[in-house]
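The values are calculated or read from the model by the stated rules, or taken from the named source; none is laboratory data. For clarity, every value in this text was computed on a predicted model and none was experimentally measured. Please note: Cβ atoms are built from the backbone with ideal geometry, for glycine as well, and neighbour counts cover all protein chains shown. All accessible areas refer to the heavy atoms of the entire protein, side chains included, with ligands and DNA or RNA removed. Shrake-Rupley method; radii C 1.70, N 1.55, O 1.52, S 1.80 Å.
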Amino acid sequence: MDPDAVAKAFVDHYYSTFDANRAGLANLYQEGSMLTFEGQKIQGSQSIVAKLTSLPFQQCKHNITTVDCQPSGAGGVLVFVSGTLQLAGEQHALKFSQVALFASFILFCFL
């Protein structure tokens, strides 16, 4: 398993789904998953998707600048993503970064 290929495939899928249909991200999270968003800790697939779908914009486009990854000791992949987020109707893009740890059994979905 090539961690770079897995990370790229996951990032492409995640952000294209986020931009087109945030509710479609539900199957990428588990009940033990946690999202920290501006200091707020949100746990579980339904709660995370509820937060993401409640964000105060309907349309956006992620432009990925970097995808850095490395294998974790537990057989998963640690991924760091940075880039910009362009909101519909806004002139300036927002910068973002995200870190994710994917367990090995989740990765097989993207191979």
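Of note:
- Whole-Hz couplings from phi, Karplus 6.51/-1.76/1.60, listed for segment 47-52; x for Gly and Pro: 5, 5, 5, 4, 5, 5
- Qualifying aspartates and glutamates (Cα of each under 17 Å from Cα of K95; at least 8 residues distant if same chain): D19, E38, D68
- Candidates A93, A23, A74, ranked by Gaussian network fluctuation over the chain, Cα under 10 Å, top entry: A74
- Stretching A50 away from S33 to a fully extended chain increases their span by 4.8 nm, per 0.36 nm per residue minus the current alpha-carbon distance.
- Prolate/oblate/rounded label for segment 49-101 (Cα gyration tensor, a/c 1.5): oblate
- Burial ranking of peptide ranges 57-64, 5-12 (average Cβ count within 10 Å, highest at the top): 5-12, 57-64
- For segment 3-110, the Kirkwood estimate of hydrodynamic radius, built from reciprocal distances between every pair of different alpha carbons, is 14.5 Å.
- Angle in degrees between helix 3-20 and the longest Cα principal axis of the chain, rounded to the nearest 10: 30 degrees
- Cβ-Cβ FRET estimate between D4 and V99, R0 fixed at 25 Å, reported to 0.05: 0.95
- With θ taken as phi - 60° and the Karplus curve 6.51 cos²θ - 1.76 cosθ + 1.60 applied, the whole-hertz 3J(HN,Hα) list for segment 63-78 is 10, 7, 9, 9, 9, 10, 8, 7, x, 8, x, 9, x, x, 9, 9 Hz, x standing for glycine and proline.
- Accessible surface for segment 45-86, divided over its residues, is 55 Å² per residue with a 1.4 Å probe.
- Apolar share of the accessible surface for the chain: 54 percent from carbon plus sulfur atoms, 1.4 Å probe.
- Scaling against 2.2 N^0.38 Å puts the C-alpha radius of gyration of segment 25-68 at 1.28.
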